[in-house]
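Values quoted throughout were computed directly from the atomic coordinates according to the rules given, and no laboratory measurement underlies them. Worth saying up front: this structure is predicted, and the values here are computed from it rather than measured. For neighbour counting, all protein chains shown are included, and Cβ atoms are generated from backbone atoms with ideal geometry for every residue, glycine included.
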Amino acid sequence: MYKLIFSTFMLMALFGCATSYKVNITGYGGQEDYKDQTYSFDLSSDIKTDLEAMEYIRTLETQLACIGWQRNENNHSFVISPSFGVTGAKNKPEIDGNFSFGFGMFNGGMESGASIGTFIGTSTAPSSTKEFTKFLDIKLFDKGKTDHAPIWQGKVFSQDETKTLADVMPVLIKLAVENFGKNTDGSKDFTFDATDVNLKALQNCTVEKP
């Protein structure tokens, strides 16, 4: 599945279906120094029982290792809780194509009926009825304090007219990890160019410099 997702992604770029992705990220909280960069995942049951979702988790784990964060379920200082999915345009959950995984959007982590506007801010909600929002929400907790506010939270999203999460999820993960644990001091926009170097970097630890 992992190779299939990346193969599909690379073929889309090769044949011109997607040459760049515009991604928005906001990082809240964070610390100047994380001395012990060990963590475990807090995964919802819908992630654990879905093959595609678990491939995204493995990708996230690989990318976190690139910046020195090591997963250790038995001995760790932090807990990471991810959620992700797709929502329809105009903040309407009833639009076909809406789904999510994890503790968060439409899964009980927010009040009933929460819209994507709650997640990304209504000023940046899609203006077209054809657009879908693919989102990734990552929370970092101190061990044993997942019922408290996270010490860092990263909200990442991309909008276009396709509703396939696999099209952009590797990019969302890459940019989330590049800003992991940092306060972005507001919302920031990035453009990911689907060059050969950058596509390979989605599986490894380097990225093409601007």
**OP:** Give me the distance in nm between label points sitting 7 Å out from Cα along the Cα-to-Cβ direction at Thr19 and Glu161, one decimal.
**Re:** 1.7 nm
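Evaluate E = 1/(1 + (r/R0)^6) for Lys35 and Cys205, where r is the Cβ-Cβ distance and R0 equals 25 Å; express this FRET efficiency to the nearest 0.05.
Values: r = 21 Å, r/R0 = 0.85.
In this case the efficiency is close to 0.75.
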Original post:
What list of ³J(HN,Hα) values in whole Hz, one per residue of region 173-188 in order, does the Karplus curve 6.51 cos²θ - 1.76 cosθ + 1.60 (θ = phi - 60°) give from phi, with Gly and Pro shown as x?
Top reply: 5, 4, 6, 5, 6, 5, 10, 4, x, 10, 8, 7, 6, x, 6, 10
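Past 32 Å, Cα to Cα, is the threshold; run Lys22/Lys145; Lys143/Lys163; Lys22/Lys182; Lys35/Lys163 against it and keep the listed order.
Values: Lys22/Lys145 34 Å; Lys143/Lys163 35 Å; Lys22/Lys182 20 Å; Lys35/Lys163 39 Å.
Over 32 Å Cα-Cα: Lys22/Lys145; Lys143/Lys163; Lys35/Lys163.
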Original post:
In what order do Met54, Met169 fall by count of nearby beta-carbon atoms within 10 Å, going from fewest to most?
Top reply: Met54, Met169
Subject >> Residues in region 164-198 that a label on Asp50 would reach, taking backbone N under 17 Å of a point 7 Å out along Cα→Cβ >> reply: 164-173
Original post:
Check Phe132: other-chain or 5+ apart residues with amide H under 5 Å from its amide H, H built from backbone geometry?
Top reply: Asp160, Glu161, Thr162
Original post:
To the nearest 0.05, how large is the calculated FRET efficiency for Thr195 and Lys130 if R₀ is 25 Å and r is the Cβ-Cβ distance?
Top reply: 0.40
**OP:** Would you kindly derive the ³J(HN,Hα) couplings of region 194-202 from the backbone phi angles with the Karplus curve 6.51 cos²θ - 1.76 cosθ + 1.60 (θ = phi - 60°), listing them in order in whole Hz, with x for Gly and Pro?
**Re:** 7, 7, 4, 5, 5, 5, 5, 5, 5
Original post:
Straight-line reach from Lys134: which aspartates and glutamates have Cα under 13 Å away, leaving out those fewer than 8 places along the same chain?
Top reply: Asp160, Glu161, Asp167
Original post:
Check Gly85: other-chain or 5+ apart residues with amide H under 5 Å from its amide H, H built from backbone geometry?
Top reply: Phe101, Phe135
Original post:
Hey, what do the phi angles of region 140-153 turn into as Karplus ³J(HN,Hα) couplings, whole Hz, using 6.51/-1.76/1.60 and θ = phi - 60°, x for Gly and Pro?
Top reply: 10, 10, 5, 4, x, 10, 6, 8, 9, 5, x, 7, 8, 9
